[in-house]
Amino acid sequence: MSMAELVLWVAMPYLSIVMLVGGLIWRYRTDQFGWTSRSSQWNEPAILRWASPLFHFGMLFVFLGHILGLAIPESWTTAVGIPEIVYHYISMIPGTLAAVATLIGLAGLIYRRVVVKSVRLATTRMDVVMYILLGIAIALGAWATIHQQIIGGGYDYRQTISPWFRTIPLLRPSPWLMASVPLDYKLHIVSAMILFCVWPFTRLVHVLSAPLDYPTRPAIVYRSRDEHLASAPGRRGW
């Protein structure tokens with residue numbers, strides 16, 4: 001194999017893992033107050049009300065589809081009685097709908113960030129980098145699905161990409177499995193690995209946050225400037 005292929009399908013996956021995990025640890029240890037999505041709902045709620053759910057729920061189903069397609073071997077689905085043609089349609093139809101919802105939601109969020117002045121002024125350079133890389137990765141993934149699975153009649157990535165993916169965490173990379181993979185999928189995978197490298201340094205870190213302590217946290221107390229109201233007894237927090 002060429003040096004470029006070894007870099008792309010052996011070195012780069014491990015580099016993206018190191019950057020992702022190491023960057024998240026560094027970010028958490030040095031910037032816990034910045035570990036947030038920096039909500040801008042108060043700037044403009046109308047577009048956000050429909051664009052955010054479309055994007056986030058679309059991404060959730062896209063993620064679940066990737067887990068199903070990459071982590072679960074074809075022999076497992078065959079063993080439980082799911083033929084390849086059935087799996088193909090299960091993967092293609094919901095996957096396409098999820099991709100469309102994600103793209104529409106992302107387009108709405110980008111449009112909002114560009115046209116709403118208060119949101120645009122709150123946009124950082126890393127936000128711009130994040131939106132560009134995220135948009136490229138999602139668009140390439142959607143195009144690969146449409147081009148290969150719908151227009152092209154279907155490509156069985158579970159014979160190539162999925163086995164290659166599973167060799168990475170096992171520390172037995174098999175780059176030759178990627179040799180015959182269509183360019184669409186290769187570009188999508190490379191764009192995803194680049195996105196993982198910068199993930200810890202963007203607002204995307206909020207994906208790993210869960211409000212587990214929300215039900216038990218104390219109530220937030222707002223004090224009035226009116227001295228009479230401020231001195232009145234109030235209900236204590238939890």
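The values are calculated or read from the model by the stated rules, or taken from the named source; none is laboratory data. Small disclaimer: the values here were computed from a predicted structure and weren't measured. Note: ideal-geometry Cβ built from the backbone for every residue, glycine included; neighbour counts use all protein chains shown. Note: accessible area is taken over every heavy atom of the protein model, side chains too, but ligands, DNA and RNA are not part of it. Shrake-Rupley method; radii C 1.70, N 1.55, O 1.52, S 1.80 Å.
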For the chain, accessible area per residue (1.4 Å probe, heavy atoms of protein chains only), Å²: 64
From Cα pairs below 8 angstrom and at least 6 apart in sequence, can you work out the relative contact order of the chain, rounded to a whole percent? 32
Calculated from DSSP helices alone, with each H run of at least 4 adding -39500 (n - 2.57) and the total divided by the residues of the chain, [θ]222 nm to the nearest 500 comes to -19000 deg cm²/dmol
Computed over the chain: longest principal axis from alpha-carbon atoms vs helix 183-198 long axis, angle to nearest 10 degrees, is 30
Heavy-atom accessible area of residue 187, protein chains in place, probe 1.4 angstrom, given in Å² to nearest 10, is 80
Accessible-area composition of the chain, carbon plus sulfur, in percent [1.4 Å probe]: 71
Would you look at the GNM of the chain, springs on alpha carbons closer than 10 Å, and say which of 23, 153, 69 moves the most? 153
What FRET efficiency, computed as 1/(1 + (r/R0)^6) with R0 = 35 Å and r the Cβ-Cβ distance, is obtained for residue 180 and residue 79, rounded to the nearest 0.05? 0.85
How many nm is it between the label spots at residue 18 and residue 90, if each spot is 7 Å from the Cα in line with the beta carbon? 3.8
